[in-house]
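Engineer: Have a look at this one.
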Amino acid sequence: MTKTILKIKGMSCEHCVKTVTDCLSEQDGVEKVKVHLKKGEAKVIFDDLLQTSEKLSDIAALAGYESSVLK
């Protein structure tokens, strides 16, 4: 398993947190997602054979939030 931290911009409420959490959690290979509203970050644990940090960042962007890979 691999851990990544995504910087998520544009979240303003718990609904935004739920949206980002849900869209990332639905992806193949994702084991755990924790989104922090105040930090503007999403910590994701995933199987690197099925997923990449960059693809997860793209998924968050498709949900309507600017996203980039921090780690």
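Engineer: Just to be sure, is K34 under 10 Å from the mean Cα position of the chain (by Cα) and free of Cβ contacts under 8 Å to residues at least 24 places away in the same chain?
Structural biologist: In short, yes.
Engineer: So, one more: Is there any pair with a first residue in region 43-71 that is farther than 11 Å from Q27 by Cβ and of a type in the set (A, V, I, L, M, F, W, C) and a second that is in a loop (DSSP other than H, G, I, E, B) and open to solvent by 60 Å² or more (accessible area, probe 1.4 Å) whose Cβ atoms are under 6 Å apart and which are 6 or more apart or on different chains, and what are they?
Structural biologist: Close Cβ pairs (under 6 Å, with a partner that is in a loop (DSSP other than H, G, I, E, B) and open to solvent by 60 Å² or more (accessible area, probe 1.4 Å)) amount to I45/M1.
Engineer: When only residues in region 6-21 that are in contact with a helix residue (DSSP H, G or I) (Cβ under 9 Å, 6 or more places away or on another chain) and open to solvent by less than 20 Å² (accessible area, probe 1.4 Å) count, which is nearest to A63 (Cα to Cα)?
Structural biologist: Looking at residues that are in contact with a helix residue (DSSP H, G or I) (Cβ under 9 Å, 6 or more places away or on another chain) and open to solvent by less than 20 Å² (accessible area, probe 1.4 Å), I get V20.
Engineer: Shifting gears a bit: Filter region 22-60 down to the residues that are surrounded by 17 or more Cβ atoms within 10 Å (Cβ to Cβ) and in a helix (DSSP H, G or I) and list them by number.
Structural biologist: C23, L24, S53, L56, S57, I59, A60
The values are calculated or read from the model by the stated rules, or taken from the named source; none is laboratory data. What you are looking at is a predicted structure, and each value in this text was computed from that prediction instead of being measured. Here the Cβ is made from the backbone with ideal geometry for all residues, glycine too, and neighbour counts use every protein chain on show. Side chains included, ligands, DNA and RNA excluded: accessible areas come from the protein's heavy atoms. Shrake-Rupley method; radii C 1.70, N 1.55, O 1.52, S 1.80 Å.
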